[in-house]
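Trainee: Following this message is one structure expressed as structure tokens.
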Amino acid sequence: MGIIFSVLFYAASVLFVVALGRRIFKYATTPAPLVIPTTPAPMTWLGVIGRMLREVVFFESLFKGNKWTWLFGWLFHFGMLIVLVEHLRYVSEPVWFWVASIQWLGPYGGMAMFVGLAGLWVRRLVVDRVRYISVLSDHLMLGLMVAIVGSGLVMVYVFPTDIVMVKSFMLGLIKFDWQPLPSDPPVVVHLVLTLVLMIIFPFSKLLHAPGVFFSPTRNMRDNPRERRHTTGWRSDAHPEK
Amino acid sequence: MTKPDFETPELTLTQDVPAVQPGAMEHSKPFVAKAAHQEALGFPGELVDNWKEVALDKMSDLLKTYRSLPVFLDSCVKCGACTDKCHYYLGTGDPKNMPVARQDLLRSVYRRYFTVAGKFLPKLVGAKDLTEEVLEDWYKYYHQCSECRRCSVYCPYGIDTAEITMAGREILASVGIGQKYSNEIIGKVHKIGNNLGLPKPALADTLDGLEEEVKEDIGVDVKFPLDQSGADVLVIVPSADFFAEPHVDGLIGYAKVFHQSGISWTLSSYASEAANFGIFVGNYENMQKVAERIRTAAMELGVKRIVVGECGHAWRVAYSFWNTLIGPFDFLDPKFPIPQHVCEFTNDLLSQHILRLDAEANDDKIVTFHDSCNVSRGSRMGNQPGGQFIIPRQLLRAACNNFVDMSPETTHEHTFCCGGGGGLLTDDLLELRVKGASPRMNALQRVIEDEGVTHMAAICAICKSQFSKVLPFYGMGMDMIVSLHQLVGDALVLDNGH
Ligand code: SF4
Ligand code: SF4
């Protein structure tokens, strides 16, 4: 069990890093030929950093767009942030103190994720416009997340698993000193689905995570008069007649 | 006017979101460009035999040269926040007019040919083969988007459907199916210098006529100089300003402002157009070629400054793109913004007390202001973000005692397009234009009822033409729409006379 898992884990990690890296490389190296921030836009880099922070931390644009989607989306993502930090205890030894200090929040993070996902899924099914734009993969993605979160919560509240063993397995992966993994169904489901998530990440709409940072309407400065912007694909953007 | 074969949406004081009505605007598409109009722009005259290959090559090209495309096509999570933001969806209920669905027309093909998931699991991720039906859908629905960027305000990733529409139109033109209205107009600018195809003698005549008209009207010798070498300022206006109503009153307004300021200025017959429809078809080369005439004219006339008249997309191109397209402007006076909007120009003179406005001249009016989409979401005025909202309102408040804003979810960055932007201002799209105007009409109706508004000012040639046409459909007078600089001109205190 432990061995199969270890191999899968390495394979998924390599795929995740390489495929995602290639995508990010593509975004970073494709020129933005024209100045197209959605205005009013900041005029300085500091301002752009502020706009980006508001976008990533508070989902500013989504807040303007739709309060329900914002609420559920924000609950889900910030629940996830808490859970991810909480999970760092499986890979740190001794557990970093800031990770240890938020352990108690973990289950709440999981529940916030669950509520967020449920709300988003209901909207996708009930609001005619959102139903119209949804395809199978949109529903499957929600199902996958629900299953990962659900199996996690099951381990917290219903069938506790041997987390000491899970931890030694995880540390073993990092140190290339492979250890066995508990074979309770919830932990197996939880880990398998997480690997699935890692594998599909770079090939799916989850690319919104790196994408937001490269969005030219959000990361460009509004200074075309003050500073000449060039296309990046022409040696001279101005052909003399 | 023949009776239209569609119904004008009912005015509602609040903006309702319609239920999804698939196919509601399936019949709407503009006339296709003739071969001559395509070829003049460097596009094939008719649908090429290997169109599929050409289209995919073009798409691959665009994906490499515009970062917005791969980022936007990959990042959409189908959250739906944009689905009720487009005036064309609000006015028609056709789901393909929801911004995300409009993007999906291109995205499904992108997925099929350019992504791993779409190559192997097309059904799962909504990937589609590029077929004639898809091409047909592109032609219809990429001509039901006015590239107004409203959707991009609310998208958590800033996805701007206008960028997708521009790419879609460029691909269409590249396989041989361009839009008649826009392409014909771009051809005229390349050949003659303006959208109307107005040659120099006709232009000179028109301007002489205006001088006489103003003289008769107010008894002052306000000049409309043409091709005057050595003038300080080259003024670039949308050609509609030369003769269309209410545009021409705006031009008279600029002329009065220049007259009173004493700053020498000139129009150019070679660059007699501020509009740049190159942006509408999304084609860099054509956009640049149109803009290039302005650089040439400015150099030949030896001016120190360039001021741009009231036109929305023209200002976006001028403000945001000119420096890239035809810069650097090292031959102009760096003390002034390059280019400068006529509203900035007038506002500066007002704040320096060089001009004086007597707002009583407009006391017969209660005025509101329509923020043009391209000015609001694709440009700036002044030296702080949002100046594009502040400066026109400052001018209006100075020129009119009665100014009221429409409701905030329909102004500033949230403004609705007039319904005729983005190359859709053509009679073959009249139904779309009337329906797309309904969100603005609803907001206007509200201030008419609540505040007794009599006039709506605008700073865009397309908005002005569009409203003149569609206001009557909603039972409002076509002369409700006025140029901002008409109000300024009427209130301006001139030294010799008023
Ligand atoms: S850019 Fe404007 S017209 Fe086009 S889809 Fe977005 S909101 Fe609609
Ligand atoms: S708001 Fe943005 S992410 Fe959401 S559906 Fe529309 S385009 Fe996609």
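Each reported figure results from applying straightforward, stated rules to the coordinates on display, with no laboratory input. Treat the numbers as computed from the prediction; the structure is a model and nothing was measured. Cβ atoms come from the backbone with ideal geometry, glycine included; neighbour counts cover every protein chain shown.
Trainee: Lone cysteines in the protein assembly as shown, defined as no other cysteine's Cβ under 4.7 Å from theirs: which are they?
Mentor: Result for the protein assembly as shown is B:Cys76, B:Cys79, B:Cys86, B:Cys145, B:Cys155, B:Cys311, B:Cys343, B:Cys400, no neighbouring Cys Cβ within the cutoff.
Trainee: Further question on the same structure: Which one, B:Pro334, A:Trp96, A:Phe76, projects farthest toward the positive side of the charge dipole computed for the protein assembly as shown from Cβ point charges (K/R +1, D/E -1)?
Mentor: Looking along the dipole axis, the top candidate is A:Trp96.
Trainee: Next question. How many Cβ atoms of partner chains, on average, are near each residue of A:68-76 if near means within 10 Å of its Cβ? Can you show the working numbers first?
Mentor: Details: counts 2, 5, 3, 0, 1, 4, 0, 0, 0.
For peptide A:68-76, the averaged partner shielding equals 2.
Trainee: Now, a different point. Write out the chymotrypsin sites (Phe, Trp or Tyr not before Pro) in region A:67-100 meeting two conditions: DSSP loop, and at most 14 other Cβ atoms within 10 Å of their Cβ.
Mentor: Those satisfying the criteria are A:Trp96.
Trainee: Also: If I model a spin label at B:Val220 and B:Asp333 as a point 7 Å from the Cα along the Cα→Cβ vector, what separation in nanometres do I get?
Mentor: Rounded to a tenth, the inter-label distance reads 2.1 nm.
Trainee: Once you treat every alpha carbon in chain B as an equal point and sum by Debye, what is log10 I(q)/I(0) at q = 0.09, 0.10, 0.12 Å⁻¹?
Mentor: -0.61, -0.75, -1.08
Trainee: Which whole number gives the average, over all residues in A:219-226, of C-beta atoms from other chains lying within 10 Å of the residue C-beta?
Mentor: Details: counts 3, 2, 0, 6, 2, 10, 14, 4.
Per residue, the average neighbour count from other chains is 5.
Trainee: Next question, about the same structure. I'd like the antiparallel share, as a percent to the nearest 5, of DSSP beta bridges with both residues in chain B. All intermediate terms of the calculation are to be shown ahead of the outcome.
Mentor: Details: 2 of 18 bridges.
Among the beta bridges of chain B, antiparallel pairing accounts for roughly 10 percent.
Trainee: Further question on the same structure: In nm, to one decimal, how far is the modelled label at B:Lys180 from the one at B:Lys200, with both set 7 Å along Cα→Cβ?
Mentor: Label at B:Lys180, label at B:Lys200, 3.3 nm between them.
Trainee: Still on this structure: Any idea which of B:Cys86, B:Ser268, B:Gly452 is furthest toward the positive side of the dipole for the protein assembly as shown, if Lys and Arg beta-carbons carry +1 and Asp and Glu beta-carbons -1?
Mentor: B:Cys86
Trainee: Listing B:Ser269, B:Ser75 from the residue with the fewest other Cβ atoms within 10 Å to the one with the most, what is the order? List each step's numbers first, then the result.
Mentor: Values: B:Ser269 20, B:Ser75 23.
Going from least to most buried by this count: B:Ser269, B:Ser75.
Trainee: Size of the dipole of region B:35-185 about the Cα centre, Lys and Arg at +1 and Asp and Glu at -1 on the beta carbon, nothing else charged, in debye to 20? If you can, show how the numbers build up before the last one.
Mentor: On the way: 19 positive and 20 negative charges, 136 e Å.
Approximately 660 debye in magnitude.
Trainee: Right, here's the next one. Using all alpha carbons of the protein assembly as shown, what is the percent of pairwise distances in each 10 Å bin, ordered from the shortest bin to the longest?
Mentor: 3, 14, 23, 24, 17, 10, 6, 3, 1, 0
Trainee: Which whole-Hz couplings ³J(HN,Hα) result when phi for each residue of region B:83-94 is put into the Karplus expression 6.51 cos²θ - 1.76 cosθ + 1.60, θ = phi - 60°, listed in order with x for Gly and Pro?
Mentor: Once θ is set to phi - 60°, the couplings for region B:83-94 become 5, 10, 9, 8, 4, 6, 5, 4, x, 10, x, 6 Hz.
Trainee: Oh, and also: Could you list B:Ser60, A:Ser6, B:Ser239 in order of exposure, starting from the residue whose Cβ has the fewest other Cβ atoms within 10 Å?
Mentor: Working: B:Ser60 13, A:Ser6 17, B:Ser239 26.
Fewest-to-most ranking of B:Ser60, A:Ser6, B:Ser239: B:Ser60, A:Ser6, B:Ser239.
Trainee: Charges on Cβ only, +1 for Lys and Arg, -1 for Asp and Glu, centred on the Cα centroid of region B:150-192; of B:Ile164, B:Ser152, B:Asn183, which one is farthest towards the dipole's positive end?
Mentor: B:Asn183
Trainee: Would you list B:Cys418, B:Cys343 from fewest to most Cβ contacts within 10 Å? Present the calculation step by step, with values, prior to reporting the outcome.
Mentor: Working: B:Cys418 31, B:Cys343 28.
In increasing order of surrounding Cβ atoms, one gets B:Cys343, B:Cys418.
Trainee: Can you give the angle from 0 to 90° between the axis of helix A:45-58 and the longest principal axis of chain A, with both taken from C-alpha atoms, to the nearest 10?
Mentor: Approximately 40 degrees, to the nearest 10.
Trainee: Give me the angle, in degrees from 0 to 90, between the Cα long axis of helix B:180-191 and the longest principal axis of the Cα atoms of chain B, rounded to the nearest 10.
Mentor: 50 degrees
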